[in-house]
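Please read the structure below before turning to the comments.
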Amino acid sequence: KRHELEHNLIQTSMDGIIANDRQGKIIIFNEGAERIYGYTREEALSKIHVTQLYPEGQAKQIKKMIYGDEYGGPGRLINYSVEVLTQTGELVPILLSATIIDEKGEEVATVGHFKDMREIKRLEDELLTSERMATVGQTTAGIAHGVKNILHGMKLGAFMIDTGFDKDKPESLRKGWNLVRKNINRVSKMTKEMLSLASTAPPAFEVCSLNEIVEEVCELLAEEISRRGISLVLELDPSLPQVTVDPDGIHTCLLNLVTNAIEAFPEDTSGGQVTVSSRDEGEAGVHLQVRDSGEGMSEELLERVLENLFTTKGARGTGLGLAITQKIVHEHGGTIQVESEPKKGTCFTIILPE
Ligand SMILES: Nc1ncnc2c1ncn2[C@@H]1O[C@H](COP(=O)(O)OP(=O)(O)O)[C@@H](O)[C@H]1O
Ligand SMILES: [Mg+2]
């Protein structure tokens, strides 16, 4: 009676239960196993060797894991995620637990419990898709907002141009046209930034000097900096080692940080200072720092600055600069740190592994 009950217990278990003897011959193959594999019990017991239940080489590896003690102790394997090979050649994801059965100190069989993960995997995929869709929704809303601001500027420009034509006012024509051109630049900048944020192309690494990149960026912005009455200080470590980076990527990062630093001052500022420094911190990597004595940020703001499309600059900002910077730094295996205090200033540090 009891024997029969045990037999039924094994046969009707929801999970697949399969046992094989020391030669790899299948000796137990329950209904759950039939559902996963598509073999009938009779077929499995008469024709199938345990190695045929897995993709090539997998059975041997599992055996090793059961005998070793890293996966649940010697003679046991607990919750191992694996793909099994069904009768039709399909690969099915399984959570496998297995033990060795001894009788009078002698090993007689190995028994495995196979949990079918197909439904769980499907739900996980569904969740991933819906999370992705939510991100797409947010991004689209952000882009639409940016485009709306730009359109607004263009419409205003067009209106001024119309007025210039109608009333024969060259001054109005020029102002209107300047506004249109400025907004063309904004669209083009935003498009470029979106593309670089969406790009999956790997960085083009080469050995180069970070100090040279810093100098290039500062040169590029020198005019804007002096026009705004800001003083720029460079503190470059002359002993900085050559590093393997994507020079264009690092250039973009520094350009974004220094531009933000400049924009941290009102247009009619005086006495503002931006400091760009490089330091070799040995084991702790190479540090590139952009510091400003500008408006600074509140703690709430600080938490959101790296977010995609987050800007406090209205139509003038895209909110993509820091998101791109972070993406590039991460692609280099580096990190980005930010400290800030309202009215005191902000300090961004890019840390690149050496
Ligand atoms: N140096 C800085 N000082 C003050 N605020 C900053 C600084 N850098 C970034 N921020 C804040 O982070 C936001 C996001 O920056 P960013 O991603 O470059 O987008 P954008 O410059 O287009 O607004 C800015 O709108 C600003 O509020
Ligand atoms: Mg910016």
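The values are calculated or read from the model by the stated rules, or taken from the named source; none is laboratory data. Bear in mind the structure is a predicted one, so any value in this text is a computation, not a measurement. No Cβ is skipped: glycine too gets one built from the backbone with ideal geometry, and neighbour counts run over all protein chains shown. Areas reflect the complete protein model, heavy atoms only, side chains present, ligands, DNA and RNA absent. Shrake-Rupley method; radii C 1.70, N 1.55, O 1.52, S 1.80 Å.
Would you call Leu257 near ligand 1 (Cβ under 9 Å from one of its atoms), closer than 24 Å to Cys208 by Cα and touching a strand residue (DSSP E or B) at 6+ places or on another chain (Cβ under 6 Å)?
yes
With (1) within 15 Å of ligand 2 (Cβ to nearest atom); (2) farther than 30 Å from His145 by Cα; (3) part of a loop (DSSP other than H, G, I, E, B) as the list, and Val274 as the residue in question, which single condition is left unmet?
Looking at each condition in turn, Val274 falls short on (3).
When you check Arg291 against the structure, is it basic (Lys, Arg), more than 11 Å from ligand 1 (Cβ to nearest atom) and either assigned by TED's automatic domain parsing to the domain that holds Ile250 or in a helix (DSSP H, G or I) (or both), yes or no?
For Arg291, the condition - basic (Lys, Arg), more than 11 Å from ligand 1 (Cβ to nearest atom) and either assigned by TED's automatic domain parsing to the domain that holds Ile250 or in a helix (DSSP H, G or I) (or both) - is not met.
Which pairs have Cβ atoms under 7 Å, sit 6 or more apart or on different chains, and link a residue in segment 151-167 that is closer than 17 Å to Asn183 by Cα to one that is of a type in the set (Ser, Thr, Tyr)?
Note: pairs meeting the criteria are Met160/Ser172.
Just checking: which of the helices (runs of 4 or more DSSP H) contained wholly in segment 29-114 hold 3 or more residues that are surrounded by fewer than 18 Cβ atoms within 10 Å (Cβ to Cβ) and without any contact (Cβ under 8 Å) to a residue 40 or more places away in the chain?
Passing ranges, in order: 41-47, 58-67.
Can you find a residue that is surrounded by fewer than 20 Cβ atoms within 10 Å (Cβ to Cβ) and part of a strand (DSSP E or B) anywhere in segment 264-271?
The answer is no, given that none of the residues of segment 264-271 is surrounded by fewer than 20 Cβ atoms within 10 Å (Cβ to Cβ) and part of a strand (DSSP E or B).
Can you tell which of Gly296, Gly333, Gly319 is within 7 Å of ligand 1 (Cβ to nearest atom), outside any strand (DSSP E or B) and surrounded by fewer than 20 Cβ atoms within 10 Å (Cβ to Cβ)?
Criteria check complete, one pass: Gly296.
Is it the case that some residue within segment 119-142 is surrounded by 15 or more Cβ atoms within 10 Å (Cβ to Cβ) and of a type in the set (A, V, I, L, M)?
No, that holds for no residue.
So which of Thr325, Thr275 ends up being polar (S, T, N, Q), within 9 Å of ligand 1 (Cβ to nearest atom) and open to solvent by less than 50 Å² (accessible area, probe 1.4 Å)?
None of the other options fit; the residue is Thr325.
Would a scan of segment 208-218 turn up a residue that is open to solvent by less than 80 Å² (accessible area, probe 1.4 Å), touching a helix residue (DSSP H, G or I) at 6+ places or on another chain (Cβ under 9 Å) and charged (D, E, K, R)?
no
Please tell me if Ile150 is surrounded by 14 or more Cβ atoms within 10 Å (Cβ to Cβ) and closer than 17 Å to Gly314 by Cβ.
So Ile150 fits the description; yes.
Scanning for something in a loop (DSSP other than H, G, I, E, B), in contact with a strand residue (DSSP E or B) (Cβ under 9 Å, 6 or more places away or on another chain) and not hydroxyl-bearing (Ser, Thr, Tyr), does segment 189-202 turn up at least one residue?
Among the residues of segment 189-202, not one is in a loop (DSSP other than H, G, I, E, B), in contact with a strand residue (DSSP E or B) (Cβ under 9 Å, 6 or more places away or on another chain) and not hydroxyl-bearing (Ser, Thr, Tyr), which makes the answer no.
Output the qualifying pairs, or none if there are none: Cβ atoms under 7 angstrom, residues six or more apart or on different chains, first residue in segment 243-264 and under 26 Å from Lys343 (Cβ atoms), second residue more than 10 Å from ligand 2 (Cβ to nearest atom) and of a type in the set (Phe, Trp, Tyr).
If the second residue must be more than 10 Å from ligand 2 (Cβ to nearest atom) and of a type in the set (Phe, Trp, Tyr), the pairs left are Leu257/Phe348.
Of Ser188, Ser172, Ser199, which residue is modelled with pLDDT of 95 or more and among the hydroxyl-bearing types (Ser, Thr, Tyr)?
Unique residue meeting the criteria: Ser172.
Condition test on Leu221, is it in contact (Cβ under 8 Å) with a residue 24 or more places away in the chain, surrounded by 15 or more Cβ atoms within 10 Å (Cβ to Cβ) and outside any helix (DSSP H, G or I)?
So Leu221 does not fit the description; no.
I'd like to know if segment 328-337 contains one or more residues that are within 14 Å of ligand 2 (Cβ to nearest atom) and either within 21 Å of Gly272 (Cβ to Cβ) or not β-branched (Val, Ile, Thr) (or both).
No, the conditions are met nowhere in segment 328-337.
Restricting to segment 295-326, name every residue that is out of contact with any Lys or Arg (no Cβ under 9 Å at 6 or more places or on another chain) and more than 14 Å from ligand 2 (Cβ to nearest atom).
Hits for segment 295-326 are Ser298, Glu299, Glu300, Leu302, Glu303.
For Ala44, only one of the following conditions fails: (1) over 40 Å from the mean Cα position of the chain (by Cα); (2) among the small types (Gly, Ala, Ser); (3) more than 15 Å from Thr88 (Cβ to Cβ). What is its number?
The number of the failed condition is (3).
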